[in-house]
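Accompanying notes for the structure given below.
The values are calculated or read from the model by the stated rules, or taken from the named source; none is laboratory data. Not measured: the values here are computed from a predicted model. Cβ coordinates were reconstructed from backbone atoms using ideal geometry, including for glycine residues, and neighbour counts include every protein chain displayed. SASA here: full protein model, heavy atoms, side chains in, ligands and nucleic acids out. Shrake-Rupley method; radii C 1.70, N 1.55, O 1.52, S 1.80 Å.
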Amino acid sequence: MTETASKLIVVVLDGLRYDAARKYLGYMEHLVEQGQLSCYKVQSELPSLSRPLYEVLLTGTPVSRNGITANHIARLSREQSVFHLAVAANLRTAAAAYHWVSELYSSVPFNPVSDRHQHNVLKPIQHGSFYFEDHYPDSHVFADAEYLRAAYDPHFLYIHTMNIDDAGHRYGGESKEYELAVRRVDGLLATLLPQWMEQGYTVLVTADHGMNVNGCHGGVTPAERHVPLYAFGEKVLSPEQEIQALPQLRLAPLMCHCLGIQPSAAMTTEGLPPMVPPAPQPQEEVTALQQLR
């Protein structure tokens, strides 16, 4: 790893359905119109539930393999996530996210007192700020992420917000409250995305699942499964993928591609450009995490 290694910010807007993104994310759609962003439709894996899809997004494996089959399955991941792969490649990682992400890749069960802020370079998430209430303001999540970015300069920064999902469960996926939560996130992205783009980050903005009119998800309907993927940086998907739903399993290997690291053997690289083999690492640069395996 060198200081010129690629840097990636992934933003997961929990519960954001594809049609709501295209209607209410005005700043993001402005960048699409200007040719600075690409937007793709993604079809989530099943079940279209949060914890299973956090694992899907970060490991590129279906629930039939990874075993995170429902929201109540609280245990560490047994797969190689993007966090694991980045640390193994001597890249720095950080996350500002809901505590279920900590339970997948740091420790379980989550202790709100001791696990709120985590710093351990031996963990897949080396620097973490984790919240544990669904109404924790999205503005605070982005502020937490910006602190981590400024203080620790991660190559891979994962940001995960919950207010859209919370509004959807309370009021429904076609409610005024849900729409307002989406519009508020657009304002936060309008503040931060220009800085990230100017500083050379690749940025992916997506969601785990959508939300139906009754405030539910987990099933197979388009409202529950179709989510957006906004991509800024190297154009890594073909034009035909802009008009058909992209399988959500492609996102983890896409993150690896953006970071310039090899995906795990369990990830599919179909539809992605070939990876350039990494330069050989001196033996003494093997990370502590690798030594523990």
Quick test for you: out of 6, 48, pick the one residue that is of a type in the set (Gly, Ala, Ser) and surrounded by 19 or more Cβ atoms within 10 Å (Cβ to Cβ).
48
Sort through 108, 82, 113 and tell me the only one that's open to solvent by 30 Å² or more (accessible area, probe 1.4 Å), among the hydrophobic types (A, V, I, L, M, F, W, C), farther than 25 Å from residue 169 by Cβ and modelled with pLDDT of 95 or more.
113
Here are some residues: 74, 97, 145, 88. Which one is surrounded by 17 or more Cβ atoms within 10 Å (Cβ to Cβ), small (Gly, Ala, Ser) and more than 21 Å from residue 253 (Cα to Cα)?
145
Any residue that is at positive phi, out of contact with any helix residue (DSSP H, G or I) (no Cβ under 6 Å at 6 or more places or on another chain) and not charged (D, E, K, R) - is there at least one of those in the stretch 58-72?
yes
Which of the residues spanning the stretch 178-200 are closer than 13 Å to residue 20 by Cα and open to solvent by 70 Å² or more (accessible area, probe 1.4 Å)?
180, 183, 184
Search the stretch 209-232 for residues that are in contact (Cβ under 8 Å) with a residue 12 or more places away in the chain and on the phi > 0 side of the Ramachandran plot and pair each with any residue that is in a loop (DSSP other than H, G, I, E, B) and not small (Gly, Ala, Ser) when their beta-carbon atoms are under 6 Å apart and the residues are at least 6 apart or on different chains.
218/47; 218/49
Over the stretch 116-142, the set of residues in contact (Cβ under 8 Å) with a residue 12 or more places away in the chain, open to solvent by 20 Å² or more (accessible area, probe 1.4 Å) and of a type in the set (D, E, K, R) is 116, 123, 134
From the options 168, 173, 210, residue that is part of a loop (DSSP other than H, G, I, E, B), open to solvent by less than 40 Å² (accessible area, probe 1.4 Å) and over 30 Å from residue 154 (Cα atoms)
173
Condition (residue is surrounded by 22 or more Cβ atoms within 10 Å (Cβ to Cβ) and closer than 24 Å to residue 144 by Cβ) applied to the stretch 17-27: is it met by at least one residue?
yes
Quick one: in the stretch 27-78, of everything that is closer than 29 Å to residue 262 by Cβ and among the charged types (D, E, K, R), which residue is nearest to the chain's Cα centre (by Cα)?
55
Restricting the search to the stretch 148-162, which residues are in a helix (DSSP H, G or I) and either open to solvent by less than 40 Å² (accessible area, probe 1.4 Å) or modelled with pLDDT under 95 (or both)?
148, 149
Return the residue satisfying two criteria in turn: it lies in the stretch 28-45 and is part of a strand (DSSP E or B) and touching a Leu at 6+ places or on another chain (Cβ under 6 Å), and of such residues it is surrounded by the fewest Cβ atoms within 10 Å (Cβ to Cβ).
40
All positions within the stretch 216-267 that are at pLDDT below 95 and open to solvent by 50 Å² or more (accessible area, probe 1.4 Å):
234, 235, 239, 240, 242, 243, 244
Which residue pairs have Cβ atoms under 7 Å apart, sit 6 or more places apart or on different chains, and have a first residue in the stretch 62-74 that is among the hydroxyl-bearing types (Ser, Thr, Tyr) and a second that is surrounded by 15 or more Cβ atoms within 10 Å (Cβ to Cβ) and at pLDDT 95 or above?
69/52; 69/63
Which one is most open to solvent (accessible area, probe 1.4 Å), of the residues in the stretch 57-71 that are over 18 Å from residue 211 (Cα atoms) and assigned to a helix (DSSP H, G or I)?
65
Taking residue 186 as the residue in question, decide whether it is in contact (Cβ under 8 Å) with a residue 12 or more places away in the chain and within 18 Å of residue 30 (Cα to Cα).
yes
